[in-house]
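The values are calculated or read from the model by the stated rules, or taken from the named source; none is laboratory data. Just so it is clear, the model here is predicted, and its values are computed rather than measured. Virtual Cβ from ideal backbone geometry, glycine too; neighbours counted across all protein chains shown. Remember, those area values only see protein heavy atoms, side chains included, never the ligands or the DNA or RNA. Shrake-Rupley method; radii C 1.70, N 1.55, O 1.52, S 1.80 Å.
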Amino acid sequence: MIEKNWETMDEREFERRLAADLPELPPDDISYEVTPWRKAVNRILVGIGLNVITLNFLGLNDFLPAIGMILCLLGFRALRRESGWFRAGLVITVAKTVFCLSTLVINMTVYREILEEEELFYELGLLQAALLFALLICLWGGFRKIQRRARTGSGNDVGALLLWYAVLWLLAIWETESMWIGIAMIALFLLIIRSLSRTSHEMEKAGYVVEPAPVRVADRTLAGTLTVLVILGMVIACLFFSRYPMEWKMAGENTAQTEEIREELADMGFPEAVLKDLTEEDLLACQGTTQVLIGEESYQYFSGEDDETAEDESQEMENSVEDELTNGEAAEAGYNMTLTAVAVRLADETDSWKIFLHFVWEENPGFVGTESLQVYGSWNNRYYWGWNEEFTGQVLCEREGETYRSAYHDLGLKTTAETTWGIWLGAAFSFPQDCEQARGYISYTSYSYEEETGWDSWLYYTHQESRFQYPALTAMEHHYAGAGSGWGDAFETLYTQFYFETE
């Protein structure tokens, strides 16, 4: 046994030897992992940062806030015993986390379009902004209380963050688009976060120690479980809620009166393929027809897999758009979609024309989501044409040898305020995945102000080819917005022009 001479040692020497025998302090990265206060605060600060500064591409404006709220959830639950402010912050964090994660799932469904049309997403956005502001208030209150215990600082850093967030929303309300103001706001935010991180470190140095609140579920398990649930919800939404709810019914038989009208129209050259799909209402509207004009265009529907083939298709469309509305031929072999226009001159004093725009898939291209028809017509030139703004039509298909029909999910006028295109007639719908001979039509009535004038009608068909997009745009949204999804374009559009002249 080694004996040390403790009698000749003074107090300063004793402290020196004691410090020499103690182990070295761990590095900062290890200290971060074992220091509950700093770890929790840093998670909260990073989480708030991901919520106030987002990137509006590839869906990051939704994914980053969701990740940020999970980090805030882990941070606030570790501090919930330290202050009532932190407990209130945990409750707010749970609510905002539910909002963020639910948004990821809803954005994979067609119901996102409905929420946007009702402006519910805007209202939910305001609610989430209010929750984030309340979360900052709770963080400010919790910091002030802890700083009084540690006898450091005054909580002004979090107060500055509150003020910064209020200014951010004022700039958003005023629709400020200055790049320099944006850069200045980001720089100021980073400085505030850096100051908060330093304040947190100073509180730790002052001797403030946090004992993490006990939890039943570990942080990694909680974060992993939430991630798996969201991914599972998004997959289910993509597979089962990416179509419009349609009311499919078996098609009924025609009455004797409509059968007689059908025969008269057929004798005048009205295509049988279109006639058999008309509703009784539209057949009755054609009673006493005096003239029938028909046009037909057939296109191979390309998926865009072959760039050279797609260019050939584009050239074919450009060459055909000037074709007048004349008697068309049947779809050529290898072409799987036929677009047909029929103009029926009605027996009235207003020189009215009832227009039918019909499409039919000769083979199933794979119906994975939404479809849409969009029509741009001469009604936008109101000096020559007028219309009654009453629209009819339906979609049909064959399943197990039976014909089924359904009304459109949405049929009506769409005004594209962002462009100078004017007013469109749009129809939104979905087909069953296993159907055959998917087809449909839309019809409207127009009248001419001049004895001799031309009617110009552009027909666009937008088909969804892939479920995997975020957010899940519908075919109609894709056409009017002219936008692709965050994960790539899931749609293809073909178009043609039909034209006729009144005599």
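Go through the range 256-291 and count every residue that is in contact with a helix residue (DSSP H, G or I) (Cβ under 7 Å, 6 or more places away or on another chain) and touching a residue at least 24 places away in the same chain (Cβ under 8 Å). Walk me through how you get there before you give the answer.
Step one: of the range 256-291, the residues in contact with a helix residue (DSSP H, G or I) (Cβ under 7 Å, 6 or more places away or on another chain) are 258, 261-262, 265-266, 272, 275, 280, 283-284, 286-287, 289.
Filter again for touching a residue at least 24 places away in the same chain (Cβ under 8 Å), leaving 258, 261, 265, 280, 283-284, 286-287, 289.
Matching residues across the range 256-291 total 9.
If you check Y244 against the conditions, is it touching a strand residue (DSSP E or B) at 6+ places or on another chain (Cβ under 9 Å) and surrounded by 12 or more Cβ atoms within 10 Å (Cβ to Cβ)? Reasoning before the result, please.
Values: touching a strand residue (DSSP E or B) at 6+ places or on another chain (Cβ under 9 Å): yes; surrounded by 12 or more Cβ atoms within 10 Å (Cβ to Cβ): yes.
Taking the combined requirement at face value, the residue satisfies it.
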**Fill in**
Subset of the range 77-119, residues crowded, with 16+ Cβ neighbours inside 10 Å and either under 19 Å from A172 (Cβ atoms) or among the charged types (D, E, K, R) (or both), comes to R77, R80, E82, R87, K96, F99, C100, T103, R112, E113
**Asked** Given S242, S197, which one is more than 30 Å from F431 (Cα to Cα) and either of a type in the set (S, T, N, Q) or touching a residue at least 12 places away in the same chain (Cβ under 8 Å) (or both)?
**Response** S197
**Request:** Report yes if some residue within the range 123-139 is free of Cβ contacts under 8 Å to residues at least 12 places away in the same chain, among the acidic types (D, E) and part of a loop (DSSP other than H, G, I, E, B); otherwise report no.
**Result:** no
**Request:** Select from the range 430-478 the residues that are assigned to a loop (DSSP other than H, G, I, E, B) and among the hydroxyl-bearing types (S, T, Y) and write down the one among them that is nearest to G295 (Cα to Cα).
**Result:** T453
**Prompt:** Going by the conditions given, is E13 open to solvent by less than 100 Å² (accessible area, probe 1.4 Å), more than 29 Å from the chain's Cα centre (by Cα) and at pLDDT 85 or above?
**Reply:** no
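Residue by residue through the range 249-285, note down the ones that are among the charged types (D, E, K, R), open to solvent by less than 60 Å² (accessible area, probe 1.4 Å) and assigned to a helix (DSSP H, G or I). If you could, list the steps in order and put the result at the bottom.
So in the range 249-285, the residues among the charged types (D, E, K, R) come out as 249, 253, 259-260, 262-264, 267, 272, 276-277, 280-282.
In the following step, the residues that additionally are open to solvent by less than 60 Å² (accessible area, probe 1.4 Å) were identified as 262, 277, 282.
Answer for the range 249-285, where residues must be among the charged types (D, E, K, R), open to solvent by less than 60 Å² (accessible area, probe 1.4 Å) and assigned to a helix (DSSP H, G or I): R262, D282.
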**Asked** What single numbered condition from (1) crowded, with 18+ Cβ neighbours inside 10 Å; (2) among the hydroxyl-bearing types (S, T, Y); (3) more than 23 Å from A160 (Cα to Cα) fails to hold for Y122?
**Response** (1)
**Request:** Inspect all residues belonging to the range 194-214 and state whether any of them is among the charged types (D, E, K, R), buried (at least 16 other Cβ atoms within 10 Å of the Cβ), modelled with pLDDT under 80 and over 30 Å from L283 (Cα atoms).
**Result:** yes
**Asked** What is the residue count in the range 215-248 for residues that are among the basic types (K, R) and part of a helix (DSSP H, G or I)?
**Response** 1
**Message:** Could you tell me how many of the residues in the range 342-376 are at pLDDT 90 or above, small (G, A, S) and not in a loop (DSSP other than H, G, I, E, B)?
**Reply:** 1
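Let's see how each residue does on (1) more than 15 Å from H479 (Cβ to Cβ); (2) modelled with pLDDT under 90; (3) open to solvent by less than 10 Å² (accessible area, probe 1.4 Å):
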site: N380; (1), (2), (3): yes, yes, no
site: N388; (1), (2), (3): yes, yes, no
site: E398; (1), (2), (3): yes, no, no
site: E418; (1), (2), (3): no, yes, no
site: T445; (1), (2), (3): yes, yes, no
site: L459; (1), (2), (3): no, yes, yes
**Prompt:** Residues A19, A40, A66: which one is aliphatic (A, V, I, L, M), under 20 Å from R198 (Cβ atoms) and either surrounded by 14 or more Cβ atoms within 10 Å (Cβ to Cβ) or at pLDDT below 90 (or both)?
**Reply:** A40
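Going residue by residue through the range 163-181, is there one that turns out to be of a type in the set (V, I, T) and modelled with pLDDT under 80?
As a first pass, look at the range 163-181 and keep what is of a type in the set (V, I, T): 167, 173, 176, 181.
In the following step, the residues that additionally are modelled with pLDDT under 80 were identified as 173, 176.
Yes, there is a match, as at least one residue in the range 163-181 is of a type in the set (V, I, T) and modelled with pLDDT under 80.
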**Prompt:** Do we find that L58 is open to solvent by 50 Å² or more (accessible area, probe 1.4 Å) and touching a Phe, Trp or Tyr at 6+ places or on another chain (Cβ under 8 Å) in this structure?
**Reply:** yes
**Fill in**
The condition of being closer than 30 Å to V105 by Cβ and in contact (Cβ under 8 Å) with a residue 40 or more places away in the chain holds, among A251, A223, only for A223
**Prompt:** Which of (1) assigned to a helix (DSSP H, G or I); (2) modelled with pLDDT of 90 or more is the odd one out, the single condition E113 does not satisfy?
**Reply:** (2)
